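The values are calculated or read from the model by the stated rules, or taken from the named source; none is laboratory data. From a predicted model like this one, the values you see are computed outputs, not experimental measurements. Every residue, glycine as well, gets a Cβ built from its backbone with ideal geometry; the counts of neighbours run over all protein chains shown.
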Amino acid sequence: MRPDLPDAAAFDAEDTVAGRILRVARARLFADGYAGLTMDALAHDLGMSKKTLYAHYAGKEAIVTAIIAVTGATIRRLTAAILSDPELSYARRLHGVMAIVGRQFATTTPALMRELQRFAPGLYAELDGLRRRNIPLVIGGLLRAGLDQGQIKPGIDPDFAAEFWLQSVNGLVHPDMLERFGHTPRQAFEKGIDLFFRAVLTEAAYADFAGTRNGA
């Protein structure tokens, strides 16, 4: 059976007015895109005045910046829970981490990525920063543990492999690539997982990982 994984759609915004603003803004951002996230619409969704909204955040760019920061913290919390669970095999830990990250990608569309690239390059760069902060930490740790346990092919440099995966993910979710292949970020991410871990895992470890991904 597959392990019970924490809900990767969980969002760690605090149970405060500011946290409620982030949760509602996040839902509108993924539903209607960056252009659809306006302070007027958000104030309406929240049932509060724009004055109250601006008292907590200077504008929608500040809100999206906060959403990105909280998303990063959420990913780190959920992956830490998976990695520290002594009951999970290496394949299940690997699957759990990839499922958490993959579900986050599932909320993103090519149109949203293109919007951010064109109209909010600072936020687009912040997403890149989120990946740079999380991938070396999480994937590097997984690969080092796998090397110690004989799950990673001998001779693989875990730090270089984690950086390779980071650069691959950045390319996979680039709007030009998504539009060229007609993929969603989630679809591109899933294909990248298969190629990357087929290359770095031992044959037996990859078979375990593939079986876990398929629900074995």
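Miscellaneous remarks
- Residues in region 151-194 that are farther than 25 Å from Ala111 by Cα and part of a helix (DSSP H, G or I): Pro158, Asp159, Phe160, Ala161, Ala162, Glu163, Phe164.
- Count - residues of region 88-132 that are assigned to a helix (DSSP H, G or I), within 29 Å of Tyr206 (Cβ to Cβ) and aliphatic (A, V, I, L, M): 9
- Flag for Asn134 being of a type in the set (S, T, N, Q) and in contact (Cβ under 8 Å) with a residue 60 or more places away in the chain: yes
- Any chance Ala58 is within 15 Å of the chain's Cα centre (by Cα), surrounded by fewer than 18 Cβ atoms within 10 Å (Cβ to Cβ) and more than 14 Å from Gly19 (Cβ to Cβ): no
- Complete set of residues in region 195-204 that are buried (at least 19 other Cβ atoms within 10 Å of the Cβ), assigned to a helix (DSSP H, G or I) and touching a Phe, Trp or Tyr at 6+ places or on another chain (Cβ under 7 Å): Phe197
- Among residues of region 149-168 that are surrounded by 15 or more Cβ atoms within 10 Å (Cβ to Cβ), those with a Cβ under 8 angstrom from a residue that is among the basic types (Lys, Arg), sequence gap 6+ or separate chain, pair up as Pro158/Arg144; Leu166/Arg131; Leu166/Arg132.
- Enumeration of residues in region 8-41 that are under 22 Å from Arg118 (Cβ atoms) and in contact (Cβ under 8 Å) with a residue 60 or more places away in the chain: Leu29, Phe30, Gly33, Tyr34, Ala35
- Filtered residues of region 179-213 (kept if at pLDDT below 95, over 21 Å from the mean Cα position of the chain (by Cα) and farther than 20 Å from Leu88 by Cα): Arg180
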